[in-house]
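Visitor: Once you've had a glance at the structure underneath, I'll fire off some questions.
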Amino acid sequence: MTHQMPSSKTVSTCVPQREQGTHLFHILGYSQHRAAGAPECIMSDKFPVGGHDWILSFYPNGTIGKGAHRFSGDCVVAALKLLHKNTMVRASWELRLLDQGTGPSLSVHKEVSRVFNTNEDSRFAVCVIKRKLFEPTTYLQDDRLTIECIVTVSKEPHVTGTISFPRIEVPPSDIAEHFGKLLETKEGVDVTFIVGGVNLTAHKMVLATRSPVFRAELYGPMREGGTEPIVVEDIHPDVFRGLLHFIYNDSLPPFDDLTEDDYGEMIRHLLVAADRFAMERLKLMCQSILCEGIRVQTVATTLALADQHHCDMLKDACIEFITSSNAMDAVAATPGYKSLKRTCPSVVIEALEKTSRIRKA
């Protein structure tokens, strides 16, 4: 059985933080601010946004500072300034003209996020507005102009605390348990086998699903009609019970009541049955058990079995055991070896040749 490695999943979230503020700057007597001799700059009071103070400057004649660049006469200039010293802020801003009537405000400038640094020229953000946009229009009525300044300050993102992601545990598959109970309760059985004079019942569909040999016998063109019991020759009832247990449970019975020698003999018989009914997983499982239990007294018997039923890996393991442990003389003295010489002489020759090569080396 493959066990899944335990795993965990945690989650944290980074959320951008922004704070937005809007400042309305009313300019009354607009024409007077444009008259000769009037101050070139009109400044709002400072206003806070995002924990910082800002100020909006408006230049109705399009001139900024002493001897500064003068824009064409058909333009006005507005500037947003970050106050305080040694301050750096990332922000975006938008400038709108407020309709003095009932219409919507008019956006005249919009700047995406940028850095305002009070130690550099970047403390200012400047925009130039065509005068014709609001002179004369409903944006300038009764010699009054209202500028709406929207500032959005980007702050340090907020990261949520780490939380454990919900996990839904899925229990191991229990399909074998359900099929095992099906065999145990005998509910719905539809086929009977006579094995060594013992009646054993099962379900045709289950057997056919697990073994191509059973499928051919029970559903193939050579199947016998009727519901007569099927006689199974040359297999012990306990071995057939073990075979059925594996078919339904995909595992071997516990065999707790068997001695070590009897257990090994049962596994050999199950290997033969697995080969007979083309159940490759059971056959490999039996080979693995026999491979782990190789010893001097049984290796020759196991080798003969492996050769007869085409278990190449088990056969190689037996020969390796005999040759690598210099146990050839001890193995040759066992009854199993005498039988092996009689039934499988080619295997004996193969083992002897390999032993000879090792000794020469």
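Just so you know, all these numbers are worked out from the coordinates, no wet-lab data involved. Keep in mind that this is a model prediction, so the values were computed, not measured. Note that we place each Cβ from the backbone using ideal geometry, even for glycine, and neighbour counts take in every protein chain shown.
Visitor: Which longest uninterrupted range of the chain lacks any GluC sites (Glu not before Pro) assigned by DSSP to a loop state (not H, G, I, E or B) and surrounded by at most 11 other Cβ atoms within 10 Å?
Guide: Details: sites that count: Glu120, Glu169, Glu187, Glu224, Glu233.
For GluC sites (Glu not before Pro) (loop position, at most 11 other Cβ atoms within 10 Å), the longest site-free span of the chain is 234-361.
Visitor: Here is a follow-up. Can you run phi through the Karplus equation (6.51, -1.76, 1.60; θ = phi - 60°) for segment 91-97 and list ³J(HN,Hα) in whole Hz, with x for Gly and Pro?
Guide: 8, 10, 8, 9, 10, 10, 9
Visitor: I've got another one for you. Scan segment 132-189 for trypsin sites (Lys or Arg not before Pro) in coil per DSSP, keeping those whose Cβ has at most 11 other Cβ atoms within 10 Å, and list them by number.
Guide: On the way: sites: Lys132, Arg144, Lys155, Arg167, Lys181, Lys186; in loops: Arg167, Lys186.
Sparse-neighbourhood loop trypsin sites (Lys or Arg not before Pro): Arg167, Lys186.
Visitor: Set Lys and Arg Cβ to +1 and Asp and Glu Cβ to -1, take the dipole of the chain about its Cα centre, and tell me which of Ile147, Thr227, Asn249 lies farthest positive.
Guide: With unit charges placed on the Cβ atoms, the residue in question is Ile147.
Visitor: Return the sequence-ordered ³J(HN,Hα) values of segment 140-155 in whole Hz as given by the Karplus equation 6.51 cos²θ - 1.76 cosθ + 1.60 applied to θ = phi - 60°, using x for Gly and Pro.
Guide: 10, 10, 6, 6, 10, 10, 10, 9, 9, 10, 10, 10, 10, 9, 8, 10
Visitor: Can you give the extra length, in nm with one decimal, that the chain gains between Met43 and Ser122 once fully stretched, where that is 0.36 nm per residue apart less the Cα-Cα distance?
Guide: Details: separation 79, 0.36 × 79 = 28.44 nm, distance 1.84 nm.
Roughly 26.6 nm would be gained on extension.
Visitor: R0 = 51 Å: FRET efficiency of Ser7 with Lys132, Cβ-based, nearest 0.05? All intermediate terms of the calculation are to be shown ahead of the outcome.
Guide: Numbers: r = 67 Å, r/R0 = 1.31.
E between Ser7 and Lys132, to the nearest 0.05, is 0.15.
Visitor: Which of Lys283/Lys315; Lys46/Lys130; Lys283/Lys341; Lys181/Lys283; Lys81/Lys132 have a Cα-Cα distance over 18 Å? Present the calculation step by step, with values, prior to reporting the outcome.
Guide: Details: Lys283/Lys315 14 Å; Lys46/Lys130 25 Å; Lys283/Lys341 25 Å; Lys181/Lys283 24 Å; Lys81/Lys132 25 Å.
Violating the 18 Å Cα-Cα cut-off are Lys46/Lys130; Lys283/Lys341; Lys181/Lys283; Lys81/Lys132.
Visitor: Related question: Applying the Karplus parametrisation 6.51 cos²θ - 1.76 cosθ + 1.60 with θ = phi - 60° to the phi angles of segment 259-271, what ³J(HN,Hα) value in whole Hz is obtained for each residue in order, glycine and proline being reported as x?
Guide: Working through the residues one at a time gives 6, 4, 5, 5, 5, x, 5, 4, 5, 5, 5, 5, 4 Hz.
Visitor: Residue farthest toward the positive end of the dipole of the chain, with Cβ of Lys/Arg at +1 and Asp/Glu at -1: which of Ser324, Gly293, Ala202?
Guide: Ser324
Visitor: Give me the angle, in degrees from 0 to 90, between the Cα long axis of helix 345-360 and the longest principal axis of the Cα atoms of the chain, rounded to the nearest 10.
Guide: The angle comes out at about 70 degrees.
Visitor: Sort 77-90, 246-259 by packing, meaning the average of other beta carbons within 10 Å per residue, with the highest value first. The partial results should precede the final answer.
Guide: On the way: 77-90: 16.5, 246-259: 14.6.
By packing density, highest mean first, the sequence is 77-90, 246-259.
Visitor: For Leu207, Leu28, what's the fewest-to-most ordering of other Cβ within 10 Å of each Cβ?
Guide: Working: Leu207 22, Leu28 11.
Ranking Leu207, Leu28 by Cβ neighbours within 10 Å, fewest first, gives Leu28, Leu207.
Visitor: Could I ask something else about it? Calculate the dipole size of the chain relative to its Cα centre from +1 charges on Lys and Arg beta carbons and -1 charges on Asp and Glu beta carbons; express the result in debye to the nearest 20. Show your work: numbers first, answer last.
Guide: Working: 39 positive and 44 negative charges, 439 e Å.
Computed about the Cα centre, the dipole is about 2100 debye.
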